[in-house]
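Notes for the one structure printed next.
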Protein chains: 2
Amino acid sequence: MSTMTLDLPGGGYPIHIGAGLLARADLLRAPVSGGRVAIITNEVVAPLYLAHLTEALAGFDPTVVVLPDGEPQKALGTIERIVGDLLGRRCDRATTIFALGGGVVGDIAGFAAAVYQRGVPFVQVPTTLLSQVDSSVGGKTGVNHALGKNMIGCFYQPQAVIIDTTTLSTLPDRELSAGLAEVIKYGAIGNLAFFEWLEQNVDALVRRDPAALAYAIETSCRDKARVVMADEREAGVRALLNFGHTFGHAIEGAMGYGRWLHGEAVGAGMVMAAHLSERLGLITAPDTRRLCDLVRRAGLPTGPPAIAPGRFLELMAVDKKAAHGRIRFVLLRALGEAFLTDEVSEDALMDVLGRMPPVSI
Amino acid sequence: MSTMTLDLPGGGYPIHIGAGLLARADLLRAPVSGGRVAIITNEVVAPLYLAHLTEALAGFDPTVVVLPDGEPQKALGTIERIVGDLLGRRCDRATTIFALGGGVVGDIAGFAAAVYQRGVPFVQVPTTLLSQVDSSVGGKTGVNHALGKNMIGCFYQPQAVIIDTTTLSTLPDRELSAGLAEVIKYGAIGNLAFFEWLEQNVDALVRRDPAALAYAIETSCRDKARVVMADEREAGVRALLNFGHTFGHAIEGAMGYGRWLHGEAVGAGMVMAAHLSERLGLITAPDTRRLCDLVRRAGLPTGPPAIAPGRFLELMAVDKKAAHGRIRFVLLRALGEAFLTDEVSEDALMDVLGRMPPVSI
């Protein structure tokens, strides 16, 4: 097991990474401060891992909420339901909420913890690669609105993140690939050495080599933690983590949330951001090709679905990363070096949107 | 005008109190950091004061959301609606939200600000006595759940609180009295000199003497700010501000939110808490009578509506001030000296509940 600490002004927390951590009752019980716990999970994860967690937390009278699977659960109606379940079980302010599942469960459970009785402690137990390398670390929580993804939420940090890499053995291939999108992102935006390691090891990751996965998760969490420590509220450098996401969120919005997985949309979005960077003379065609190849080898789409460029533009404009009405992009100055800009001409953007051959998955 | 500052680790903010402040564009514009504003108000307040605010903020392209009046608006559905309105107007993260209205509007708008795109700045412009002396100061925001009041919310501090005492001229008598409940509370829990001032001046307050009202608002805000600075997240002393509220919330819950005004329920709740304190040998019968008299002279009910004691108990048990499953009470050790306890015997409680003659309003 490896442990790193994410230090923040409001208090730090440990991120534990290792095989078989769901059997480590000591680790799972350590962050519980009050006398009770609630576990929020979904119908796919519950049959696989819920028993591990309820056993470890048996002394804390666990309240269990099992949600249906899928992105449509990321809605205020789900928060209302969770609060009702917790109140029905008389969970008070001294209840610690555990999120057991992927990014959707973590975002929902974290937001429920942030707003339940004005905030109760919570613990992330991510079971997908995407949530292990990205969404469980850093305190972004929230749900979607019909008019936009993640438009309702809070920055709310967990008490601990406990990553059991063994859970990846049950992850569908498509979701493993989706998680690799965020892994590749860390390399592309700020860690050229890791990007090059990924070029050497992406096949091992796809075939789930445990040592390769452990290294990729640790490196990703370390990079993510560093960025979050520098800029918890995304006033600056944290926005670089949205590389590929401005395009990606538009893809998810156009397809209806959940038809493309978040990581698939981000994979396509990163390739689009690379093309835009190239179009603006920032990186070379071979750089774009290296990123595109890595995304493809990770099993991800390398372009968007068929969306008319005008519609694409409209979807990006409503994204919350639009500051003062202008669309903000994370672009590459080089492989391993990203920057933030809202000075992309509509011409360049429409040119790239018009040139991307549509992909279906 | 008087100005005090509420200092907190996350940054302080000014509380301005004075007549005619809605005409002070300088004060209203000062807390706006981004280029845009949104104003959340309701259908009762809008015809009276919205024009003042839109005029002062005209340069910031205000988005206006006018809610129906009343406590039932404190629901997640209203948050969904506000977020939709803001997204529809393409309000981004640099939008400052103004809450123009009473406690319900302030709680809703503050929570909307806390969760819109993971948090945007907001400003409280309270127009009722209750919101001016209590709910606009200190950062409690949130909405109700069918199973309990204020069960969904955040601690989220405003950028400024701007209290125009002139707005009290249009406040219905019943709401003025409801505000006085919270004013009396500050005296009862920690400020005997203020309690005695209120005994001398409650009639002047009821007939809206401007000097008396200004003094009562300033003293209340100063006491509230002091408590919030000592304990922002209600880990300790801030809970004393819930004097009368454990009983009061149960009354509101039993009657359906809004049938009794919050302040009316708190007025009755304070008298009940005094009776319970007396029953436990903490204060004398004359002390209870002094509080009861003051509550009555403020135009407030001095006892609960007809609710069976068993039902009352059940409603109190779900209140979020129940820690580790036990009901927590704020009781009086003396007039002007409150303390927190979860060691009240059910006997004593049932005795007091059984003895209160039902009041109807």
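None of the figures in this text is laboratory data; all of them are computed from the coordinates on show. All figures in this text were calculated on a predicted structure; none of them were measured in a lab. As a convention, Cβ positions derive from the backbone with ideal geometry for all residues, glycine included, and neighbour counts pool all protein chains shown.
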Amide H partners (placed H, <5 Å) of residue A:35, local residues excluded: none
Under-5 Å amide H pairs with residue A:283, H placed in peptide plane, nonlocal only: A:278
For residue B:6, residues with placed amide H under 5 Å, excluding near neighbours: B:13, B:15
Two-decimal ratio, the range A:173-355, of alpha-carbon radius of gyration to 2.2 N^0.38 Å: 0.96
Based on the alpha-carbon gyration tensor of the range A:2-170 and its eigenvalue square roots a ≥ b ≥ c, which shape applies: rounded if a/c is under 1.5, prolate if not and a/b is larger than b/c, or oblate? rounded
For q = 0.10 Å⁻¹, what log10 I(q)/I(0) does chain B give under the Debye formula with an equal point scatterer on each alpha carbon and no solvent? -0.57
Determine the sum of side-chain charges near residue A:108: Lys and Arg each +1, Asp and Glu each -1, restricted to other residues whose C-beta is under 14 angstrom from that of residue A:108. -2
What are the extents of the Cα atoms of the range A:133-219 along their three principal axes, listed from largest to smallest and rounded to whole Å? 39, 28, 27
For n ≥ 4 DSSP H runs only, could you compute -39500 (n - 2.57) per run for the protein assembly as shown, divide by its residues and tell me the 222 nm figure to the nearest 500? -13500 deg cm²/dmol
Running a GNM on chain B with Cα contacts under 10 Å, which residue among B:347, B:107, B:223 ends up with the highest mean-square fluctuation? B:347
Relative to chain B, whose Cα atoms define the longest principal axis, helix B:245-255 and its Cα axis are tilted in degrees, nearest 10, by 80 degrees
Length gain on complete extension for the stretch residue B:51 to residue B:25, per 0.36 nm per residue less the alpha carbon to alpha carbon distance? 8.1 nm
Which entries in the list B:149/B:224; A:140/A:185; A:74/A:224; A:140/B:140; A:149/B:224 go over 29 Å, if you measure between the two C-alpha atoms of each? A:149/B:224
Can you check what the net charge comes to around residue B:24, using other residues whose Cβ is under 14 Å from the Cβ of residue B:24 (Lys, Arg +1; Asp, Glu -1)? -2
Volume per residue of the C-alpha convex hull in the protein assembly as shown, rounded to whole Å³: 136 Å³
Taking every residue in A:26-36, how many Cβ atoms of other protein chains lie within 10 Å of its Cβ, on average? 1
Dipole of chain B, positive direction: furthest Cα of B:202, B:66, B:241, with charges on the beta-carbon: B:66
Please determine, in degrees from 0 to 90 and to the nearest 10, the orientation of helix A:173-190 with respect to the longest principal axis defined by the Cα atoms of chain A, where the helix direction is its Cα long axis. 70 degrees
Simple spin-label model, 7 Å along Cα-to-Cβ: residue A:192 to residue B:226 in nm? 6.1 nm
Once phi is turned into ³J(HN,Hα) by the Karplus curve 6.51 cos²θ - 1.76 cosθ + 1.60 with θ = phi - 60°, what whole-Hz value does each residue of the range A:82-94 show in order, with x for glycine and proline? 4, 4, x, 5, 5, 5, x, 8, 6, 5, 9, 5, 8
Surrounding charge for residue B:344, neighbours by C-beta under 12 angstrom, Lys/Arg +1, Asp/Glu -1, total -2
Taking beta carbons within 10 Å but only from partner chains, what does the mean come to for residues B:102-114? 1
Using the Karplus curve 6.51 cos²θ - 1.76 cosθ + 1.60 with θ = phi - 60°, work out ³J(HN,Hα) for each residue of the range A:297-311 in order, rounded to whole Hz, and write x for Gly and Pro. 5, 6, x, 10, x, 9, x, x, x, 5, 9, 4, x, x, 5
Filtered trypsin sites (Lys or Arg not before Pro), the range B:212-273: DSSP coil and at most 16 other beta carbons within 10 Å: B:233, B:259
Taking a cut-off of 21 Å, what percent of all Cα-Cα pairs in the range A:27-101 are separated by more than that? 25 percent
Between the Cα axis of helix A:192-206 and the main Cα principal axis of chain A, the angle (0 to 90°, nearest 10) is 70 degrees
